[in-house]
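Q: Have a look at this one.
The values are calculated or read from the model by the stated rules, or taken from the named source; none is laboratory data. As the structure is a prediction and not an experimental result, all values here were calculated from the model. All Cβ positions, glycine included, derive from the backbone under ideal geometry; neighbour counts span all protein chains shown. Please note that ligands, DNA and RNA were not included when accessible areas were found on the heavy atoms of the full protein model with its side chains. Shrake-Rupley method; radii C 1.70, N 1.55, O 1.52, S 1.80 Å.
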Amino acid sequence: MHCEIVIVAECNEGELDPITLDLIAWGCPVAQEKDWAIGVLVLGFGLDPIIQQLAGQGMVDHLFAVDNPRFETYNSSVYVNAIANAIREIKPELILTAHSYTGIEIAAALAPLLNASLVANCHSIEAADDGFLVTRSMFAAKFVATIAVAGTHPVLITMSRESSVVRSLATRNCQLHRLQLPSHGEAQITVVSTSAPSRTEDITKAKIVVAIGRAISHESQIESFRQLASALGGVIAASRPIVDLGWLNSDHQVGLSGVTVKPKVYLALGISGSAQHIVGMNQSRLIIAINNDASAPIFQFAHCGAVADVFEILPVLLEKSMSKNLDRGTGPAR
Amino acid sequence: MEVSVETLSMIINESDEHALEQALALKKNIGATVTVITVGSVKSQDVLQRSLAKGADGAIRVDGDEFDPNITALKLSRAIQRLNYDLILTGVESLDGMSSQVAISVAAHLQAPFAYAVTRIDPAGSGTVRIDRELGGGRYQTLEMAMPALLSVQSGSGTLTYPAAAKLVQARRRPIPSWSLADLGMSQDDLAAQRRTRIVDIRPRDSRHEMDWLTGTAEEIADRILSRIDEAL
């Protein structure tokens, strides 16, 4: 059951994270170029729906499933051992994972175990004569580096959620392999509890997202931003500092730790744009940024921006958007 | 293409600084000896001295700038192997490399349990530590881990402290031990055999689109924003 490219599936609460499909889409042209087989490795418990989804659509040549109660909840010490064992059987040349918190753990732990080279947080991958070429951000995302990685040893790549790929996939005849992996003694980590996201408010469906960041220094200031979001028919969101301070709950956090949004308009107010935040909003149709620091990374990603004090623009913007609603006879929240 | 770090100022990454604060908090609350360690040329000495000024007990510099995080992890793990430790704390991501991989790979080299994006550390006693960590997407986990363990500390809202000027002056007088490859029991050939990645090109990020800079009075800027929003919907 040798398979040269293995995608480690990303699953959350028993569902396949769509980034898995991006990983497959990145792997397929490489498979084509090198005349290799491509497979997905999925760990979990009660995997039948996911197996059907992946095998049924015939996206890959092989599906390696490890379906066992031990994998119901993510535990790095259990997962990494199991994946390493599976990889040793499958013997791939290239392994792709998501650059998510779990993907980082899995890939970075596998690299020494398999004597593999890891290049993390990549935006693209292509086949090269003697290995692979990847691109990735460096230096606070102000630079893009192209890195050549030799194919003499297994290569591990974590792909950023920022990477965009066309998911047009050839139809393949998918073989299912159910792997029985030996249990690996006592785990060094005990999972005491895992909490699912509360999702009392889903900001991923909004057409307009008004996001606030570190420039907001008092909780009392948040109400005006909420009013602005509502006047524009959108929702309020935030970068990490606001959520850490408890001023908005984590449903509102955009970025790697929170949710990914792709609204028609993303209004970034007083957000400097850390790499962790950018990943969660970079694919918005129109990004408008206001920040008093012209060198803030957010301006590298914005389509439209003003170097200004947020609190000078906010009252005018709020008043104008409210009066516009009055003119139209529409209520605040559409 | 050769890449030079000469033009970059050496600063401690914000997330590493949060890790140091956590270590110093453990020192204060339960008593601990804190050693700061980095891989870098002599230029990174300043970062270590700042850490001493903030309250770290010792510092070690593993000599040599390194661009391949796979190699950085190998060198760091070899260095840490020489120390006695219960916890290894790191940040979540460096500003320059942005790979987030070094910490976890160090743990794998040392066969220590690890957790990424840790938001709370609670030494549970009897050789274990209880931590809260983020899983991403708004999910969280509480874990109990056997020590020694490696924790990659999330940059949080925890406040960062600044060393007093006098302490900084004092720390700058302290010599920082520098460990060579030979000290780590490795040779250049060992490293060369592990070097399998190469930067072939590095360039400023292309702005994917023309930036529309809004200038003028607050009134004018607000008008432009609203018209751009109208066009986009």
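Q: Return the residue satisfying two criteria in turn: it lies in segment A:228-254 and is modelled with pLDDT under 90 and among the small types (Gly, Ala, Ser), and of such residues it is surrounded by the fewest Cβ atoms within 10 Å (Cβ to Cβ).
A: For segment A:228-254, the residue satisfying everything is A:246.
Q: How many of the residues in segment B:178-199 are surrounded by 12 or more Cβ atoms within 10 Å (Cβ to Cβ) and part of a loop (DSSP other than H, G, I, E, B)? Steps first, please.
A: Taking segment B:178-199 first, the residues surrounded by 12 or more Cβ atoms within 10 Å (Cβ to Cβ) are B:178-179, B:181, B:183-184, B:186, B:190-191, B:194-199.
Filter once more, keeping what is part of a loop (DSSP other than H, G, I, E, B): B:181, B:186, B:195-196.
The total comes to 4.
Q: Mind listing whichever residues of segment B:69-100 are part of a loop (DSSP other than H, G, I, E, B) and either more than 8 Å from chain A (Cβ to nearest Cβ) or closer than 20 Å to residue A:75 by Cβ (or both)?
A: Within segment B:69-100, B:82, B:83, B:84, B:85, B:86, B:91, B:92, B:94, B:100 meet the criteria.
Q: Could I ask something else about it? Looking at segment A:255-285, which of the residues that are β-branched (Val, Ile, Thr) and under 20 Å from residue A:306 (Cβ atoms) is nearest to the other protein chains (Cβ to nearest Cβ)?
A: Only one residue tops the list, namely A:265.
Q: A further question follows. Just for segment A:66-125: of the residues that are more than 7 Å from chain B (Cβ to nearest Cβ) and among the charged types (D, E, K, R), which one is nearest to the chain's Cα centre (by Cα)?
A: My answer is A:72.
Q: Now for a separate question. Between A:148, A:141, A:170, which is small (Gly, Ala, Ser), out of contact with any Pro (no Cβ under 9 Å at 6 or more places or on another chain) and in a loop (DSSP other than H, G, I, E, B)?
A: A:170
Q: If I filter segment B:110-119 for residues that are open to solvent by less than 20 Å² (accessible area, probe 1.4 Å), under 30 Å from residue B:167 (Cβ atoms), at pLDDT below 95 and within 14 Å of the chain's Cα centre (by Cα), do I get at least one hit?
A: Of all residues in segment B:110-119, those open to solvent by less than 20 Å² (accessible area, probe 1.4 Å) come to B:112-118.
Narrowing the set further to residues that are under 30 Å from residue B:167 (Cβ atoms) leaves B:118.
Still in the list and also at pLDDT below 95: B:118.
Cutting the leftovers down to within 14 Å of the chain's Cα centre (by Cα) gives us B:118.
Scanning segment B:110-119, I find at least one residue that is open to solvent by less than 20 Å² (accessible area, probe 1.4 Å), under 30 Å from residue B:167 (Cβ atoms), at pLDDT below 95 and within 14 Å of the chain's Cα centre (by Cα), so the answer is yes.
Q: Of the residues in segment A:126-155, how many are more than 9 Å from chain B (Cβ to nearest Cβ) and in contact (Cβ under 8 Å) with a residue 60 or more places away in the chain?
A: 4
Q: Ok, one more. Counting only residues that are more than 12 Å from chain B (Cβ to nearest Cβ) and either assigned to a loop (DSSP other than H, G, I, E, B) or over 20 Å from the mean Cα position of the chain (by Cα) (or both), which one in segment A:186-215 is surrounded by the most Cβ atoms within 10 Å (Cβ to Cβ)?
A: Restricting to residues being more than 12 Å from chain B (Cβ to nearest Cβ) and either assigned to a loop (DSSP other than H, G, I, E, B) or over 20 Å from the mean Cα position of the chain (by Cα) (or both), the top hit is A:212.
Yes/no per residue for (1) open to solvent by less than 10 Å² (accessible area, probe 1.4 Å); (2) in a helix (DSSP H, G or I):
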{"residue": "A:21", "(1), (2)": "no, yes"}
{"residue": "A:24", "(1), (2)": "yes, yes"}
{"residue": "A:41", "(1), (2)": "yes, no"}
{"residue": "A:55", "(1), (2)": "no, yes"}
{"residue": "A:78", "(1), (2)": "no, yes"}
{"residue": "A:110", "(1), (2)": "yes, yes"}
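Q: Could you look through segment A:237-254, keep only residues that are under 26 Å from residue B:222 (Cβ atoms) and outside any loop (DSSP other than H, G, I, E, B), and pick out the one that is nearest to the other protein chains (Cβ to nearest Cβ)?
A: Taking the candidates together, the pick is A:241.
Q: Identify the residue in segment A:1-33 that is touching a helix residue (DSSP H, G or I) at 6+ places or on another chain (Cβ under 8 Å) and among the small types (Gly, Ala, Ser) and, among all such residues, is modelled with the lowest pLDDT.
A: Among those residues, the one meeting the criterion is A:14.
Q: Something else: Please state which of the following conditions residue A:294 fails to meet, knowing it meets all the rest: (1) within 11 Å of chain B (Cβ to nearest Cβ); (2) not in a loop (DSSP other than H, G, I, E, B).
A: Here residue A:294 clears every test but (2).
Q: Select, from B:232, B:164, the only residue that is exposed (fewer than 12 other Cβ atoms within 10 Å of the Cβ) and either out of contact with any Cys (no Cβ under 6 Å at 6 or more places or on another chain) or more than 10 Å from chain A (Cβ to nearest Cβ) (or both).
A: Every option except B:164 fails the conditions.
Q: To continue, here is another question. If we scan segment B:189-211, do we find a residue that is out of contact with any His (no Cβ under 7 Å at 6 or more places or on another chain) and away from chain A (no Cβ under 14 Å)?
A: Looking for residues that are out of contact with any His (no Cβ under 7 Å at 6 or more places or on another chain) and away from chain A (no Cβ under 14 Å), one finds at least one in segment B:189-211, hence yes.
Q: Taking the stated definitions as given, is residue A:279 open to solvent by less than 40 Å² (accessible area, probe 1.4 Å), closer than 23 Å to residue A:123 by Cα and under 21 Å from the mean Cα position of the chain (by Cα)?
A: Working: open to solvent by less than 40 Å² (accessible area, probe 1.4 Å): yes; closer than 23 Å to residue A:123 by Cα: yes; under 21 Å from the mean Cα position of the chain (by Cα): yes.
Here the answer is yes, as residue A:279 does meet what is asked.
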